[in-house]
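Undergrad: First, the structure itself, so that you have it in front of you.
Nothing in this text is a laboratory measurement; each read-out follows from the coordinates by a stated rule. Everything numeric here is computed off the predicted structure, so don't read it as measured data. Neighbour counts are summed over all protein chains in view; Cβ atoms, including those assigned to glycine, are modelled from backbone coordinates with ideal geometry.
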Amino acid sequence: MTAAPVTTAPVTTAPAGWPDVERLFGVRGEPSRCWCRFFALTGAEWNGSTPRNRKAQLMEKFDGGAPAPGILAFRDGEPVGCFVVAPGHRRSGVAAALLRAAVGHAFGHGAAVVEAYPVDPALRPKAGPADLYQGTLKLFLGAGFSVVSDAVPGRAVVRLAAHS
């Protein structure tokens, strides 16, 4: 059976809003604990916060201002990803659709360069969802990104310049 197509939308109100983020992140697993705040907080801030605090911090980003704070992917009207890809929808093109949309969103709002830190599963074969939510090296290379550093084994720094 072929999976339904993936659509993407900037997270604003309809069709992609805060209730969709809450539904995707759910109440179990890493997304429900992290709420995409790990890289936004210092170590001390992270240690001093709770999942409830982190959820509230992310929700503050949904203030209706521009640009939208992110991109959501949908399949059959259900939220299935924002680089946190829902179980049952992994390895089905969701991350690639999100990457295309995120790059377009960033460049469309004036970014000159997009940088990412994907995992190379060939060098980190035990990498699980808690590592892979940032994407794989193969995914980014396939989207035209170039490796600018591989100083950390299994974790590359990749970049894509606007108009490249």
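Undergrad: Which of the listed residues, Gly128, Phe140, Ala95, is farthest toward the dipole's positive end in region 7-164, when Lys, Arg count +1 and Asp, Glu count -1 at the beta-carbon?
TA: Gly128
Undergrad: Something else now. What is the set of long-range amide H partners of Ile71 at a cut-off below 5 Å, with H atoms built 1.01 Å from backbone N?
TA: Counting only residues 5 or more places away or on other chains, the set is Val11.
Undergrad: If the cut-off is 28 Å between C-alpha atoms, which lysines fall inside it for Lys138, apart from same-chain ones fewer than 8 positions away?
TA: The qualifying lysines are Lys126.
Undergrad: Mind sorting out which of (1) 26.7, 100; (2) 15.8, 47; (3) 22.1, 75 is the real Rg and Dmax of the Cα atoms in Å computed from the coordinates?
TA: (2)
Undergrad: Here's another thing I want to ask about it. Let me have the relative contact order for region 1-119, percent, based on Cα pairs under 8 Å that are six or more residues apart. Can you show the working numbers first?
TA: Values: 124 pairs, mean separation 37.9, N = 119.
About 32 percent, as a whole number.
Undergrad: How large is the charge dipole for region 96-160, taken about the Cα centre, if only the Cβ atoms of Lys, Arg (+1) and Asp, Glu (-1) carry charge, to the nearest 20 debye?
TA: On the way: 6 positive and 4 negative charges, 21 e Å.
With Lys and Arg at +1 and Asp and Glu at -1, about 100 debye.
Undergrad: Can you list the aspartates and glutamates whose alpha carbon sits under 16 Å from that of Lys61, skipping same-chain ones fewer than 8 residues off?
TA: List returned: Asp20, Glu22.
Undergrad: What are the ³J(HN,Hα) values, in whole Hz, obtained from phi via the Karplus relation 6.51 cos²θ - 1.76 cosθ + 1.60 with θ = phi - 60°, for each residue of region 136-152 in sequence order, with x given for Gly and Pro?
TA: 9, 4, 4, 4, 6, 4, x, 9, x, 6, 10, 6, 10, 7, 9, 5, 9
Undergrad: So, one more: Please identify the DSSP H helices in the chain that span no less than 20 Å along the helix axis (Cα) and have a mean Kyte-Doolittle hydropathy of 0.5 or more. Kindly include the intermediate steps, with their values, before the conclusion.
TA: On the way: long enough: 94-108 (21 Å, 1.41).
Helices passing the filter in the chain: 94-108.
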